[in-house]
Amino acid sequence: MSTYRGFSTYNRFKKFRLTDFELAKQDLFNNFNIRKGEKLMNPKFGTIVWDMLFEPFTSETKQQIVDDITRIAQTDPRLALNQVTVTQYEHGIQLALEITYIPSNQTAQMYIDFNQQTNAASMVN
């Protein structure tokens, strides 16, 4: 089994090194911090959630977000997306993802808030 290694300074104070499942979750979260079309030379990279924050929260909007999150998760061969739940809250949109890290068959929940007021995404534990 391969060990994936990487670094992240997000929400970290001293230990920046990440491996395996933690690295895969951070990589997935990084995709959600980029608005679709913002990345140079790769306009299909990123998410549409930022564009949906100020749209009416309809079943169509919700399905577009689910489809987009599924597309993003499928780009990482280390992860399998088991379930996506999209909810609206007072200041934005929250994603609840159930993901499986394929190399070790570990499953975890990820909660990601997209906040309209701060224009930022954050992982919630």
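The values are calculated or read from the model by the stated rules, or taken from the named source; none is laboratory data. Not measured: the values here are computed from a predicted model. Here the Cβ positions follow ideal geometry from the backbone for every residue, glycine too, while neighbour counts run over all protein chains shown.
Brief remarks on what is shown
- Filtering segment 78-96 to residues that are within 15 Å of LEU28 (Cβ to Cβ), touching a helix residue (DSSP H, G or I) at 6+ places or on another chain (Cβ under 7 Å) and either among the aromatic types (Phe, Trp, Tyr) or free of Cβ contacts under 8 Å to residues at least 40 places away in the same chain (or both) leaves LEU81, VAL84.
- Exactly one residue out of PHE45, PHE54 is under 21 Å from SER122 (Cα atoms) and either of a type in the set (D, E, K, R) or within 15 Å of the chain's Cα centre (by Cα) (or both), and it is PHE45.
- The number of residues in segment 102-117 being free of Cβ contacts under 8 Å to residues at least 24 places away in the same chain and either surrounded by 14 or more Cβ atoms within 10 Å (Cβ to Cβ) or in contact with a strand residue (DSSP E or B) (Cβ under 9 Å, 6 or more places away or on another chain) (or both) comes to 2.
A quick yes/no check of all residues on (1) in contact with a Cys (Cβ under 6 Å, 6 or more places away or on another chain); (2) modelled with pLDDT under 95; (3) surrounded by 15 or more Cβ atoms within 10 Å (Cβ to Cβ):
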| residue | (1), (2), (3) |
| --- | --- |
| LYS25 | no, yes, yes |
| ILE34 | no, yes, yes |
| GLU38 | no, yes, no |
| PHE45 | no, yes, yes |
| ILE65 | no, no, yes |
| THR87 | no, no, no |
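- Unmet criterion (only one of (1) touching a residue at least 60 places away in the same chain (Cβ under 8 Å); (2) closer than 24 Å to GLN117 by Cβ) for PHE21: (2)
- Residue within segment 68-77 that is without any contact (Cβ under 8 Å) to a residue 24 or more places away in the chain, within 12 Å of the chain's Cα centre (by Cα) and under 14 Å from ILE112 (Cα atoms) present: no
- Count of segment 89-101 residues which are touching a strand residue (DSSP E or B) at 6+ places or on another chain (Cβ under 6 Å), surrounded by fewer than 19 Cβ atoms within 10 Å (Cβ to Cβ) and under 14 Å from ASP113 (Cα atoms): 3
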